[in-house]
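The values are calculated or read from the model by the stated rules, or taken from the named source; none is laboratory data. In this text the structure is predicted, and so the values were computed from the model without any measurement. Cβ coordinates were reconstructed from backbone atoms using ideal geometry, including for glycine residues, and neighbour counts include every protein chain displayed. Keep in mind that these areas ignore ligands, DNA and RNA; they rest on the heavy atoms of the full protein, side chains included. Shrake-Rupley method; radii C 1.70, N 1.55, O 1.52, S 1.80 Å.
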Amino acid sequence: VSASGLGRGKLDVGAYEKEEIHLNEVDAEGRRRWGEVFATDHLNEAIVRLYERYAECLPEGPARTRATTTAQALAAIVLALGPEAWATALTPDAEQIDHRQLGTWNARGRDAIVAHIGSLSAVADNVTLLTREILAAEPGAVLFRRIHAGTERRGGGAYERLLLLLLTFATDGRVARVEFFDDTDEATACARFDALTGRTEARPPRPVERRVRVNAARTMRVRIDAAIAAGDPDA
């Protein structure tokens, strides 16, 4: 959001620019009826809230129960709540596949995956896992770009690396599959997401970060931006 200035009552400021993450919901006519705003460094919380809100909007029944469990499993993983939280998020037979050229994070079964996650803190301090970008999201799967950072315990050197993380959810809502890809291998990761979710339509060129599939909320946002640019409050 940017403007050349703002003068209203006692408020008088010059040119400004700010970046935010907006989570919007629209009604049947494509008009916004609900929204939340997050700081740019809270994309982890924003994606979890998206899945929570999706569950809240479903009627009571199996679909809502599954969606609620999915939101809880996603929170346990992306909010970095530790190995114990991962244990509640994974199915017993969950599988972890590392497609990276130098990847060693392959594991089969919940216990093996949890043990691997726990080993991160055994070799490094100040470990953080932050979501930088959402590449694709559906009720049954999500694909992120993440930053894994920390301080190597033996030598004391700080490190930071980007990776792509693909999660798919089982019929009970828990995570059934965890897959890693090199940060530069976005095309392969997106193709894998499409194969797992049954997506068949072609993906458009990707001009900006955090691209998502066009939906009613995205269309509403475009209409609002156009109305603001035209100075048309009636629109």
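Please work out the C-alpha center-to-center distance from region 146-182 to region 76-95 and express it in whole Å.
Using only Cα atoms to place each centre, the spacing works out to 12 Å.
Where both partners of a DSSP beta bridge lie in the chain, what percent of those bridges are antiparallel, to the nearest 5?
On the way: 42 of 47 bridges.
Looking only at bridges with both residues in the chain, the antiparallel portion is about 90 percent.
What ranking of 222, 48 comes out by heavy-atom accessible area, probe 1.4 Å, highest first? Walk me through the intermediate numbers first.
Numbers: 222 85, 48 5 Å².
Listed by decreasing accessible area, they come as 222, 48.
Using modelled backbone amide H atoms (1.01 Å from N, in-plane), which distant-in-sequence or interchain residues come within less than 5 Å of residue 133's amide H?
145
Keeping the other protein chains in place, figure out the carbon and sulfur percent of the accessible area of region 1-60, with a 1.4 Å probe.
On the way: 2030 of 4260 Å².
Answer for region 1-60: carbon and sulfur cover 48 percent of the accessible area.
How large is log10 of I(q)/I(0) for region 103-170 at q = 0.12, 0.24 Å⁻¹ when the intensity is taken from the Debye formula with one equal scatterer per alpha-carbon?
For the requested q values the scattering log ratios are -0.39, -1.17.
Looking at region 119-206, which GluC sites (Glu not before Pro) are DSSP coil and have at most 10 other C-beta atoms within 10 Å of their C-beta? Show your work: numbers first, answer last.
Details: sites: 133, 152, 160, 179, 186, 201; in loops: 201.
The qualifying sites are 201.
Express the relative contact order of region 37-184 as a whole percentage, based on alpha carbon pairs under 8 Å and six or more residues apart in sequence. Don't skip to the end; give the middle numbers.
Values: 282 pairs, mean separation 32.8, N = 148.
With pairs under 8 Å counted, the relative contact order is 22 percent.
How big is the charge dipole of the chain about its Cα centre, in debye rounded to the nearest 20, if each Lys and Arg gets +1 on its Cβ and each Asp and Glu gets -1 on its Cβ? Don't skip to the answer; put the middle values down first.
On the way: 31 positive and 35 negative charges, 29 e Å.
Roughly 140 debye for the chain.
What is the packing order of peptides 135-147, 55-67, taking the mean over residues of other C-beta atoms within 10 Å and listing the highest first? Working shown, then result.
Details: 135-147: 20.2, 55-67: 13.3.
My ranking of the peptides, most packed first, is 135-147, 55-67.
Positive end of the charge dipole of the chain (Lys, Arg +1 and Asp, Glu -1 on Cβ, about the Cα centre): tell me which of 220, 143, 184 has its Cα farthest that way.
220
At most 10 other Cβ atoms within 10 Å and a DSSP loop assignment: could you name the trypsin sites (Lys or Arg not before Pro) in region 72-115 that fit?
Hits after loop and neighbour filter: nothing returned.
Rounded to whole Å, give me the distance from the Cα center of region 1-60 to that of region 112-136.
Distance between centres, Cα-based: 28 Å.
From Cα pairs below 8 angstrom and at least 6 apart in sequence, can you work out the relative contact order of region 116-160, rounded to a whole percent? Intermediate values should be presented prior to the final figure.
Numbers: 68 pairs, mean separation 15.9, N = 45.
That works out to 35 percent.
Hey, what do the phi angles of region 217-228 turn into as Karplus ³J(HN,Hα) couplings, whole Hz, using 6.51/-1.76/1.60 and θ = phi - 60°, x for Gly and Pro?
5, 5, 4, 4, 5, 5, 5, 5, 4, 5, 5, 5
State log₁₀ I(q)/I(0) for region 1-100 at q = 0.18, 0.20 Å⁻¹ as given by the Debye formula over alpha-carbon point scatterers of equal weight, solvent excluded.
Normalising to I(0) and taking log10 leaves -1.00, -1.11.
Is the chain best put as rounded, prolate or oblate by its Cα gyration tensor, with a ≥ b ≥ c the root eigenvalues, rounded for a/c under 1.5, and otherwise prolate when a/b is larger than b/c, oblate when not?
Values: a/c = 2.00, a/b = 1.49, b/c = 1.34.
The shape class here is prolate.
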